[in-house]
Amino acid sequence: MIDYSKPGKALRYAAVPALLLIVLILLWPFYTVPTGYRGVVTTFGKITGIEDEGLVILPPWKKLSVFSIRAEQADIEDADGSTSDTQPVKVSLTVRYSIATDKVAEVYEKYSHNGDLSSYVQTATQEVFKAVTARYSAPDLIGERAKVSTDINAALRDKLALYGAAVINIDMRNFSFSQSYMSAINDKVTQEQLRLGAENKLKTVEAEQKQKVAIAEAEASARRAQADGEAYANLTVATAQAEALKVQNAALAQSKEVLELRRIEVEQTKAQKWNGVLPTAIYAGAPIPFLDVSK
């Protein structure tokens, strides 16, 4: 049993747990690597291992540094370049990247102890933007913006791979040329729109004229067809009438001969039946006496 009546002895007994606690803290072997990180283990400054997420137990002569492999972001404002036709161009970009898990030791040793490569990403992006825009003329850079973005993305992936980083995505914004060039483009667009408007108006007028000509030609054709039809109809009627007259004349000629034959036959019949007595009167409107030859 501790005798607290003696101050010196009590102090010694109290100092022992405190000393043990200090030693335990200094020699604490338990470490934790959070999610989205890796643990870089060094022994007297030399990298001797990479630990995954979770609990890590290390001897006191080893040190654990937490290294991020989570998505990081680098903002590049007003990156400038020049087109193949020497037009200055600017753009702002946001690059999201992360450290490749198999490159943690290399990045820790050469570039960053915590996984932050934003300064390297900004420099690489500037270089890539200059190189890509130099391959395009100003009109192509505007007209093929999607292809330009693809080229920047591909070139930046290759560039950042040298630093052990993998590009997740790139946002390109505020893509712009100099004010004078943009004014020239706007003027050109305006002139082109006016030209197209004039051409469309001319085409409309030409179409209307062609339509009027087509209508006039159709009406003339219709009139000619109508006249041709009427002439043909008149010719047909005249031909029919002539044929009818021929038939009638032939019929009349035949009828005269038949009628004359019938008349002669009737007269013969009358002559055969006549008794030799003449009529005493001929009636037309009033009786006319015949001459009496007996007197």
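The values are calculated or read from the model by the stated rules, or taken from the named source; none is laboratory data. Please read these numbers as outputs of a predicted model, since none were measured by experiment. Using ideal geometry, Cβ is built from the backbone for each residue, glycine included, and neighbour counts are taken over all protein chains shown.
Number of residues in the range 50-102 that are more than 28 Å from T32 (Cα to Cα) and out of contact with any strand residue (DSSP E or B) (no Cβ under 7 Å at 6 or more places or on another chain) equals 3. Among the residues of the range 110-124, are any more than 30 Å from L64 (Cβ to Cβ), in contact with a strand residue (DSSP E or B) (Cβ under 8 Å, 6 or more places away or on another chain), β-branched (V, I, T) and touching a residue at least 12 places away in the same chain (Cβ under 8 Å)? No, the conditions are met nowhere in the range 110-124.
Remark: V95 matches the filter, which requires a residue to be β-branched (V, I, T) and within 19 Å of L160 (Cα to Cα). For the range 130-168, the tally of residues that are over 14 Å from I76 (Cβ atoms) and outside any helix (DSSP H, G or I) stands at 11. Does A154 qualify as being surrounded by fewer than 15 Cβ atoms within 10 Å (Cβ to Cβ) and either of a type in the set (V, I, T) or free of Cβ contacts under 8 Å to residues at least 40 places away in the same chain (or both)? The answer is yes for A154. Taking the range 30-72 as the range and being surrounded by fewer than 17 Cβ atoms within 10 Å (Cβ to Cβ) and part of a loop (DSSP other than H, G, I, E, B) as the test, the residues that pass are P34, T35, G36, F44, G45, D52, E53, P59, P60, W61, R70, A71. For G54, the test of being on the phi < 0 side of the Ramachandran plot and at pLDDT 90 or above is failed. Within the range 88-137, the set of residues being under 30 Å from the mean Cα position of the chain (by Cα), surrounded by 21 or more Cβ atoms within 10 Å (Cβ to Cβ) and not hydrophobic (A, V, I, L, M, F, W, C) comprises T133, Y136.
Go over the candidates L196, L245, L235 one by one and state the one that is without any contact (Cβ under 8 Å) to a residue 24 or more places away in the chain, of a type outside the set (D, E) and within 30 Å of P139 (Cβ to Cβ). First the steps, then the outcome.
Numbers: L245 fails: within 30 Å of P139 (Cβ to Cβ); L235 fails: within 30 Å of P139 (Cβ to Cβ).
Only one candidate passes the filter, namely L196.
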